[in-house]
Amino acid sequence: MSHLAKILLYPIKSLDGVEVKTATVLPSGALQYDREFAIFDEQNRFVNGKRHAKIHSLRAKFSLENRVVHLQIPGSNSPQVFHLDQEQKRLEATLSDFFGFAVTLKQNTKMGFPDDTESPGATVISTATLIEVASWFPDLSVDEMRRRMRANIEIDGVPAFWEDRLFAAEGETVSFQVGDVLFFGVNPCQRCLVPTRNSYLGAVYPNFQKIFVQKRQATMPSWIAASRFNHFYRLSVNTKVPTSEAGKNLQLGSKIKILPQ
């Protein structure tokens with residue numbers, strides 16, 4: 001039986017995620033607390049894994065209930081604790097010192113800072129897909145692949161690449177439910193440099209993208225909407241959520257159902 005197996009939120013964009021049992025849908029369709037904060041440089045550009053591999057060496061543990069982050073700086077003996085609402089300036093100073101240039105921490109409680117602002121709903125992947133893709137790289141565990149792909153919701157009880165059923169031809173969406181929450185599947189997510197790197201250290205896996213593309217093409221399901229793949233460096237599904245779903249909660253164990261189109 002297909003069911004919601006994991007919910008992962010990333011309170012500060014590009015830092016570690018936190019696994020939760022329930023998550024609330026915002027009016028924008030995003031999940032509350034996901035990418036709520038992001039780090040910016042003085043040119044108002046994201047300081048993220050795409051542009052700064054050094055960020056991978058930061059370790060962050062979040063207590064969403066207490067609104068705090070425990071941030072471990074490489075080389076330090078113990079983590080520093082910051083209140084996400086009350087100690088942003090102190091956190092900015094610590095991050096500026098770590099990166100070697102001035103950064104600011106911005107907050108967006110309405111939508112967060114998703115990569116795809118047109119489809120800010122939860123990103124979806126299946127457990128079987130992560131297992132399959134991890135098998136393409138002998139040195140990578142399933143959990144490491146999960147950390148690299150950074151999807152929000154993970155579906156179990158389905159075969160590998162099942163989530164590719166959640167998008168259709170350009171301009172069309174696929175309606176599906178997670179429990180009583182309605183989603184519209186939009187497109188397969190285009191991957192960036194981040195999955196090529198060790199999620200803890202930032203070191204690049206040799207030929208990661210080349211291997212991924214070859215294997216992805218070779219394992220492409222026959223029923224897939226192939227027109228959505230101008231290249232094969234795509235994995236997981238971007239979604240939208242109608243405003244009618246605002247305030248509803250995703251719950252672990254919820255059943256997944258693709259609705260008649």
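The values are calculated or read from the model by the stated rules, or taken from the named source; none is laboratory data. Treat the numbers as computed from the prediction; the structure is a model and nothing was measured. No Cβ is skipped: glycine too gets one built from the backbone with ideal geometry, and neighbour counts run over all protein chains shown. Heads up: the accessible areas ignore ligands, DNA and RNA and are worked out on the full protein's heavy atoms, side chains in. Shrake-Rupley method; radii C 1.70, N 1.55, O 1.52, S 1.80 Å.
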With each label point set 7 Å from Cα along the Cα-Cβ vector, what nm distance links residue 3 and residue 156?
0.8 nm
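Using a 1.4 Å probe on the protein heavy atoms, what percent of the accessible area of the chain belongs to carbon and sulfur?
Accessible surface attributable to carbon and sulfur in the chain totals 51 percent.
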If I model a spin label as a point 7 Å beyond the Cα along the Cα-Cβ vector, how far apart are those points for residue 201 and residue 104 in nm?
3.6 nm
Take peptides 11-21, 224-234 and line them up by average Cβ neighbours within 10 Å, highest first, as a rough protection proxy.
11-21, 224-234
Among 94, 247, 3 the positive-end extreme of the charge dipole of the chain (Cβ point charges):
94
Spin-label point model (7 Å from Cα, Cβ direction): what's the residue 93 to residue 224 distance in nm?
5.0 nm
Note: residue 251 to residue 169 extended length (0.36 nm per residue) minus current alpha-carbon separation gives 26.6 nm
With the chain treated as a Gaussian network of Cα nodes joined by springs under 10 Å, which of 222, 28, 175 yields the largest mean-square fluctuation?
222
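What whole-number value in Å² describes the accessible area per residue of the chain for a 1.4 Å probe?
I get 46 Å² per residue for this part.
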For the chain, what is the charge dipole size about the Cα centre, in debye to the nearest 20, if Lys and Arg each add +1 at the Cβ and Asp and Glu each add -1 at the Cβ?
340 debye
